[in-house]
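Computed from the coordinates by the stated procedures, all read-outs in this text should not be read as laboratory data. Just so it is clear, the structure is predicted and the values come from calculations on it, not from any experiment. Ideal geometry is used to build each Cβ from the backbone, glycine not excepted, and the neighbour counts take in all protein chains shown.
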Amino acid sequence: MGDVLILGIESSCDETAAAIVKNGREVLSNVIFSQVPTHTIYGGVVPEIASRQHIEKINPVVDEAVKQAGVSDTDLTAVGVTYGPGLVGPLLVGVSFAKGYSFAKKLPLVGVNHIEGHICSNLIEYKNLNPPFLCLVVSGGHTHLVIMEDHGIYKILGRTMDDAAGESYDKVARAIGLGYPGGPKIDEAAKKGDPKAIDFPRAKIAGNEYSFSFSGLKSAVLNYLNSCTMSGKEINRNDVAASFQAAVVDVLVESVRLALKNTGIKKFALAGGVASNSALRTAMGEMCKKTGVDFFVPPPVLCTDNGAMIASAAYFKFIEGRTAGLDLNAVPNLKLGQTEVFS
């Protein structure tokens, strides 16, 4: 088989993205249109508005990805697209476009799980990284601790029981007046604050040492803010941000440390939008160094939603013959490792 060029399409939330990736590892183009400015005024993503913007932007984004890659559509081998999990409207835009494009260009279609895409972002950045390895996926909607046993084979050790890490960042940022998106704003404010100023709780889940819960931490922050308001105490936003972030990072690092110890795995990868967080990257790197574990984390552009990670995941499915038909549909609550609904 010659070079395999995959067009990857991602539209699960508020980024319209397309990329061309060669042989699953080499990014030829990676075009992302972010809707953050649109949704900032609402304090979060409005699904209907997101869907409309995806419809407006998906054609030009895909055309630009092909142009920047220096190829033509006749050079493409297959089309990969996120079909879940995510917001149903945005997912449908991407899936519908991908089906039409694959039909018109006579290209095989590959459906990709969004979380699997995040994991594969590490395979793009680190050409020699191969499974098995442990991966923590932390994003706005997902917090998963997973062993990638082989391509397409995952063992889920733990996941969030309520709010995802990124979701809690957005809610706390809104509560202390930092606005949307919460992740980068709290990260920046935390650099100016004292992470030990406020003793916020570190939740543990009875019966599953690898699962996560951030709703209690979010409530603790809200209770602290309310008590300060009622007592007339001045609120130091930077201290709140730093103390909140420290609680999140401590929980994530400890769960990963425990999983590495119990499994004996010596390779750990971080993925997802929250993997851009400077405190989390630093803390995970230090923990891995102390425990003799190889640490992998993509650059920020590959942490947030992008088409390159989808194209990479699609490549490994394509070479195994795991393609989809034109009956591929959006599955907003798709689980990692779920039996695929297509041939």
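Can you give me the Rg/Rh ratio for the range 1-63, using Cα atoms for both radii and the Kirkwood formula for Rh?
1.10
Starting from the Cα of K204, step 7 Å along the direction of its Cβ; do the same at K233; then give the gap between the two resulting points in nm.
2.7
Below 11 angstrom from the Cβ of N306, what's the summed charge of the other residues (Lys, Arg +1; Asp, Glu -1)?
-3
Filter the cross-link list K218/K290; K171/K289; K57/K127; K105/K317; K67/K127 down to pairs whose alpha-carbon distance in this structure exceeds 27 Å.
With Cα atoms farther than 27 Å apart: K218/K290; K171/K289; K57/K127.
Kindly state, to the nearest 0.05, the FRET efficiency for S215 paired with S278, given R0 = 30 Å and r defined as their beta-carbon distance.
According to the calculation, E is roughly 0.75.
Taking the Cα centroid of the range 11-42 and of the range 267-343, what is the distance between the two, rounded to the nearest whole Å?
Comparing the Cα centres of the range 11-42 and the range 267-343, I get a distance of 14 Å.
Using a 7 Å offset from the Cα along the Cα-to-Cβ direction at both D150 and V36, what is the distance between the two label points in nm, to one decimal?
Here the answer is 3.9 nm between the modelled labels.
Over the chain, what is the mean sequence separation of C-alpha contacts under 8 Å (at least six apart), divided by residue count, expressed as relative contact order in percent?
Contact order relative to length: 25 percent.
Which of M287, M161 comes first, and how do the rest follow, when ranked by fewest Cβ neighbours within 10 Å?
Result, fewest neighbours first: M161, M287.
Can you show me the helix-derived [θ] at 222 nm for the chain, built from DSSP H runs with n ≥ 4 at -39,500 (n - 2.57) apiece and divided by the number of residues, rounded to the nearest 500.
When only DSSP H runs of four or more count, the value is -14000 deg cm²/dmol.
Which one of G86, I319, N262 has its Cα pushed farthest toward the positive end of the charge dipole of the chain, where Lys and Arg give +1 and Asp and Glu give -1 at the Cβ?
The listed residue farthest towards the positive side: N262.
For the chain, what is the Kirkwood hydrodynamic radius in Å, using each pair of distinct C-alpha atoms?
This gives a value of 20.4 Å.
Treating only the Cβ of Lys, Arg, Asp and Glu as charged (+1, +1, -1, -1), what charge dipole size does the chain show about its Cα centre? Round to the nearest 20 debye.
Computed charge dipole of the chain: roughly 560 debye.
Would you calculate the separation in nanometres between label points at N329 and K106, each defined as 7 Å from the Cα along the Cα-to-beta-carbon direction?
3.0
Which order do the peptides 37-49, 238-250 come out in when sorted by mean C-beta neighbours inside 10 angstrom, highest first?
The packing order, highest mean first, is 238-250, 37-49.
Among DSSP beta bridges lying fully in the chain, give the percent that are antiparallel, nearest 5.
60
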